[in-house]
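Here the structure is laid out as structure tokens; the discussion comes afterwards.
The values are calculated or read from the model by the stated rules, or taken from the named source; none is laboratory data. Predicted model, so just to flag it, every value in this text is computed and none were measured. In this analysis, Cβ positions are derived from the backbone assuming ideal geometry, glycine residues included, and neighbour counts consider all displayed protein chains. Ligands, DNA and RNA are stripped out before the accessible areas are found, and what is left, the full protein with its side chains, is counted by its heavy atoms. Shrake-Rupley method; radii C 1.70, N 1.55, O 1.52, S 1.80 Å.
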Amino acid sequence: MAKVLEGPGMGLLRKWGIQTPNYVVVSSLEEFEQLTQRHEWLKKEKLVVKAHEALGSRFKLGLVKVGLDVAEARTAVKDMLGRTVDTLVIGQVIVSEAVPHQEEYYAAVKSTRDGADILVASCGGIEVEANWDRVRRISVEVGEFPTNEALRAVVNEAGFSGPIAEKMVEFTAKLYRCFDNEDAQYLEINPVAQRADGELIALDVVTLLDGDAKFRHPDWTFPFAAEFGRAYTQNELDVMAVDSKVKGSVKLIEIPGGDIAMLPAGGGASVYYCDAVVARGGKLANYAEYSGDPPDWAVEVLTEKVCSLPGIKNIIVGGAIANFTDVKKTFSGIISAFRKAKAQGKLDGVKIWVRRGGPNEKEGLAAMRALRDEGFDIEVFDRYTPLTDIVDMALAKKDTPH
Amino acid sequence: MSILATKDTYVVIQGGPAGVNAARRMAEFCYMIKRPLNVLAFVYPPDAGKTNEIVYGSELVVVPVYKTIAEATAQHPAINTSLVYIGADRAYAAAKEALDDPRIRVVSMITEGVPEKDAKLLGKHARKLGKIFNGPSSIGVLSAGECRLGVIGGAFDNLIACKLYRPGSFGVITKSGGLSNEIIWLCSQFADGITTAIGIGGDAYPGTDYVTYLEMFEQDPQTKAVVIVGEMGGDLEERAAEWYAARPRRIKLIGIVSGFCQESLPKGMKFGHAGAKEGLKGEGSARSKTDALKKAGVLVPETFGGLGPAIKTVYEELLKAGDVTPIPEVPESALPKLPKPVEQSMKAGEVLVTPLIKTTISDDRGDEPLYDGYPASELINKGYDIPHVIGLLWNKRLLSKQEAEIIRRIIMLSADHGPCVSGALATIIAACAGIGMSQAVAAGLIMIGPRFGGAVTDAGRWFKYAVENKMSVNEFLAYMKQHVGPVPGIGHRVKSVRNPDKRVQELVSYVKGLGIPTPHLDFALEVEKATTAKKENLILNVDGTMAAVLVDLGFPVETLNGFFILARTIGLIGHWADQQRQGSRLIRLFDYLVNYAVPKRREVPPLH
């Protein structure tokens, strides 16, 4: 799932004929000033200024300002740009026209196993969140398009009638077309507002696209936003850069404050390792995973980052019995990074726990075991030790069998 | 019995190198259970018409590659299953093509990063046709003792360790590829092994879900229990729970779900497979799935570590109830073995191989080449130079600084001699004809022989012969006249006593100035005195001078032409590059440069 910020999200809606307020995304005050010369509406209309970043609770953080004239908007742009929230520096703001309106509604399309659900409600904004039971939905099978009758039925059921119901039918049809053609996984317009001239307009949009479909959307020139409500760290970006270059995958997410560093293999097993740490009361310092027989240098980069996490006491080099990831080769990458980290003193007081199976497991595990002779504090187990027992041992709930 | 992949499964693989690799793994399995290879064809348009060679035991099986599925199934009507190893952008079209073929019943896709919409469309299409679409991102399907689809099960040793040569009683369904193998292992350690293990893929909407496969397992009398390994996200596990609770089931169900760590992670932080995403309103969490499974009567261990003992408990219940009988262990000696590659057998000291060639100069087996035992980088770092490398590779001797300097000068002096000489001209003509570097340079090198540049070895041989046999100049000249002919290394087309060869003078004066013993050079200069007395151009030429000096340095005579060849190659490459740079066009001789000493035009007589 790839989150898309409001600006490009609005752009996709417009592409499929949904009206949105006028807006500009700016990354400097100069840019904003130039655009005020070009766009009359910036001078005429009341404006909304929002930080254009992947941030939750922008309202609470004071990163949304409403009802501004152009001079006030200028001040807001100036104040927001460059502000730091946690590790994130605000680099863009979106300035949009405040659209005077009476009623607010809700419309969304959500991916389901068989296709998608179209959701509508005759209330919008915070009201719909408080009254979720007023939301009505129809399911559309993948590869199908909802008939006007079906849309009309759900719109009526949601409490629309008369001309507005017809407008809503048209609106949801456009929204579904956008969803289907843009490989979206979630599109939520809240609120849908009715303008003075009676037309419906999307005032805010949440857009999640299927990042895997990027290859057939050459016009997706915008970056995808981080999904955790914080910016990626430098280490995470470094590992993502490696990941995009290699066959197989390497992944890293840092979790500040933990002391158990994770370096397990496999998208499935890695989560069981994390579960085991949490179940035993441990605190994760990160999530990591390598799989699909990545080259040893990629695993080496990932290991370097994991060894550099502050305050770690244990490193869990776990993994199931691989199908085709070469244990010897991937371990040689891990071992190189371990040696480097040890020379830099990063592994002082850190205990390493290994459990793994798969192609060339004997050689790989023997190489790990040999690290003891180099003064590493390391415990190595093979397939006969259950998957997550090393976590139990690391957290001293189980004795090390020596 | 088993499900989905059986003794009657015959496969077409759609894909290139990754598909070939899967076929090799599948061949290992077929070999282990003593059945012929079940991969009958590949479909991969870039290689259509070619064949892939798949190792089967100690043989190679030739498997044809076709352009389309229709061609493959027409040629091999037994095919009923397709494995898709095609990139994400073309995977949909490939799988659709396979599903639409009337002979194919099952399509399993390993491709990762397939758009969700494509996966949903394929799943729907397969259901409409009453077929199975498994995946995307599926590691494959494996039925013990019957059939392997894809690389599931890993290396051959693991197949044996997990007793996959014969069926057990446990079915396995996982999203994760790595964990499928782990569960297969657990079933072989804590119970009697598996019937069929299926990787359904870690995407949000797998083409076929747990319920479909659970129903198939329920209908398979060999399968007594099933292990499912789930993940947070989606509702597949809830549907499985619903299915299990709907009515009494013959199979026992063990389940586990990952993603509990999510509860204590910072909000919004998610990881694992693409499908491992909690719903926007909190549905699909590990806890709600686990609760649903437990409520349905599924045996759910507290942690993954509890899975082995849970499998054991179920197995013991089955034993007690008489639903299964213990399978006798196959003795170690009777277990199938994969023929080893010759390298492994040699390492184990099991075979003796007579080497085909022998080398005494160079070893490339380590992390860098060794020249006569010396690592190249160490030579560089300790100040050695190209002449030293020549000394090591041509004569297995580390030269002194002084000797190296002589070699360096020889190479510099003979690197080029203008465009008119035979070698350069040949290279230039070739370059003008648009010939590539290696061939054009080779054309120039071909000219090196008795009349051009190639007299060094012969000159060295005879000067050495004379000095070894303590011949006088006159004895030598008489001997050469009688037995050999003109003295190699003596004489020049243009140069003479009055127009001396500057290169020869330069080399002679340098070598003589060093004060080292040079018996061959001295002898050659004496010969020159005698021959120039007879004819002005019978000077010691550059070949002869080099030869005498190099024999003095101890180089074997058969290497001597190499100095000229090596040096002149520098010039020939230069001439080729020069013509390229100029964009030279094809040249030919003008007819006025040819003496046409040919008969006049005449009539061709009738053929008898």
Of the listed residues (B:Gly201, B:Gly259, B:Gly177, B:Gly168), the one being buried (at least 24 other Cβ atoms within 10 Å of the Cβ), within 12 Å of chain A (Cβ to nearest Cβ) and over 29 Å from A:Gly282 (Cα atoms) is B:Gly201
When region B:4-44 is checked residue by residue, the ones that are within 23 Å of the chain's Cα centre (by Cα), farther than 25 Å from A:Asp293 by Cβ and open to solvent by 40 Å² or more (accessible area, probe 1.4 Å) are none
Go through region A:193-214 residue by residue and tally those that are open to solvent by 70 Å² or more (accessible area, probe 1.4 Å) and closer than 25 Å to A:Ile253 by Cα. 1
Tell me whether region A:129-141 contains one or more residues that are without any contact (Cβ under 8 Å) to a residue 60 or more places away in the chain, farther than 30 Å from A:Ser57 by Cβ and of a type outside the set (A, V, I, L, M). yes
So, in region A:275-303, how many residues would count as being touching a Ser or Thr at 6+ places or on another chain (Cβ under 9 Å), in a helix (DSSP H, G or I) and open to solvent by 30 Å² or more (accessible area, probe 1.4 Å)? 5
Taking region A:318-333 on its own, how many of its residues are open to solvent by less than 10 Å² (accessible area, probe 1.4 Å), more than 27 Å from B:Ala23 (Cα to Cα) and within 14 Å of chain B (Cβ to nearest Cβ)? 1
What pairs come out if I take residues in region A:341-364 that are within 14 Å of chain B (Cβ to nearest Cβ) and pair them with residues that are aromatic (Phe, Trp, Tyr) whose C-beta lies under 6 Å away, six or more apart or interchain? A:Arg355/A:Phe381; A:Gly364/A:Phe331
If you scan region B:145-160, which residues turn out to be touching a Leu at 6+ places or on another chain (Cβ under 8 Å) and crowded, with 24+ Cβ neighbours inside 10 Å? B:Arg148, B:Leu149, B:Gly150, B:Ile152, B:Gly153
Search result, residues across region B:288-316 that are under 47 Å from the mean Cα position of the chain (by Cα), among the aliphatic types (A, V, I, L, M) and in a helix (DSSP H, G or I): B:Leu307, B:Ala310, B:Ile311, B:Val314
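Residues checked against (1) small (Gly, Ala, Ser); (2) under 15 Å from A:Ala269 (Cβ atoms); (3) in contact with a helix residue (DSSP H, G or I) (Cβ under 8 Å, 6 or more places away or on another chain):
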| site | (1), (2), (3) |
| --- | --- |
| A:Lys329 | no, no, yes |
| A:Ser332 | yes, no, yes |
| A:Ala343 | yes, no, no |
| A:Asp348 | no, no, no |
| A:Pro359 | no, no, yes |
| A:Met368 | no, no, yes |
| A:Asp392 | no, no, yes |
| A:Ala396 | yes, no, no |
Only helices (runs of 4 or more DSSP H) wholly contained in region A:80-191 count here; list those with 2 or more residues that are aromatic (Phe, Trp, Tyr) and closer than 27 Å to A:His52 by Cβ. A:163-181
For residues that are in contact (Cβ under 8 Å) with a residue 24 or more places away in the chain and closer than 19 Å to B:Ala27 by Cα, tally how many sit in region B:48-71. 9
A careful count of residues in region A:83-102 that are of a type outside the set (Ser, Thr, Tyr), more than 30 Å from A:Gln234 (Cα to Cα) and surrounded by 18 or more Cβ atoms within 10 Å (Cβ to Cβ) gives 2
Mind telling me which of the residues A:Arg230, A:Arg195 ends up being closer than 26 Å to A:Val25 by Cβ, within 9 Å of another protein chain (Cβ to nearest Cβ), touching a strand residue (DSSP E or B) at 6+ places or on another chain (Cβ under 9 Å) and not hydrophobic (A, V, I, L, M, F, W, C)? A:Arg230
So, of the residues in region B:112-133 that are touching a strand residue (DSSP E or B) at 6+ places or on another chain (Cβ under 9 Å), within 14 Å of another protein chain (Cβ to nearest Cβ) and open to solvent by 10 Å² or more (accessible area, probe 1.4 Å), which turns out to be modelled with the lowest pLDDT? B:Glu112
Enumerate the helices (runs of 4 or more DSSP H) found wholly within region A:1-63, keeping only those where 3 or more residues are of a type in the set (A, V, I, L, M). A:6-15
Taking the stated definitions as given, is A:Lys247 within 12 Å of chain B (Cβ to nearest Cβ), open to solvent by 30 Å² or more (accessible area, probe 1.4 Å), under 30 Å from B:Lys120 (Cα atoms) and outside any helix (DSSP H, G or I)? yes
Test A:Arg369 against the criterion of being among the charged types (D, E, K, R) and touching a Leu at 6+ places or on another chain (Cβ under 9 Å), and give yes or no. no
Could you check, for region A:258-274, whether at least one of its residues is under 20 Å from A:Leu387 (Cβ atoms), within 11 Å of another protein chain (Cβ to nearest Cβ), part of a helix (DSSP H, G or I) and free of Cβ contacts under 8 Å to residues at least 12 places away in the same chain? yes
Selection over region B:528-564 where residues are of a type in the set (D, E, K, R) and within 17 Å of B:Gly460 (Cβ to Cβ) yields a count of 4
Can you pull out the helices (runs of 4 or more DSSP H) entirely within region A:319-402 that have at least 3 residues that are touching an Asp or Glu at 6+ places or on another chain (Cβ under 7 Å)? A:327-343
Is at least one residue of region B:204-211 facing chain A (nearest Cβ under 9 Å) and of a type in the set (Ser, Thr, Tyr)? yes
Please verify whether region B:113-122 includes one or more residues that are closer than 14 Å to B:Gly207 by Cβ and not in a helix (DSSP H, G or I). yes
What are the residues in region B:62-93 that are within 21 Å of B:Arg127 (Cβ to Cβ) and either within 26 Å of the chain's Cα centre (by Cα) or open to solvent by less than 10 Å² (accessible area, probe 1.4 Å) (or both), if any? B:Ile69, B:Thr81, B:Ser82, B:Leu83, B:Val84, B:Ala91
Of the residues in region A:1-38, those that are within 14 Å of another protein chain (Cβ to nearest Cβ), among the aliphatic types (A, V, I, L, M) and open to solvent by 20 Å² or more (accessible area, probe 1.4 Å) number 1
Suppose the filter is of a type in the set (S, T, N, Q) and surrounded by 19 or more Cβ atoms within 10 Å (Cβ to Cβ); does A:Ser111 pass it? yes
For region B:579-606, enumerate the residues that are closer than 30 Å to B:Leu445 by Cβ, free of Cβ contacts under 8 Å to residues at least 12 places away in the same chain and in a helix (DSSP H, G or I). B:Arg581, B:Gln582, B:Asp591, B:Leu593
Any residue in region A:68-75 that is modelled with pLDDT under 95, over 26 Å from A:Ala184 (Cα atoms), crowded, with 20+ Cβ neighbours inside 10 Å and in contact with a helix residue (DSSP H, G or I) (Cβ under 6 Å, 6 or more places away or on another chain)? no
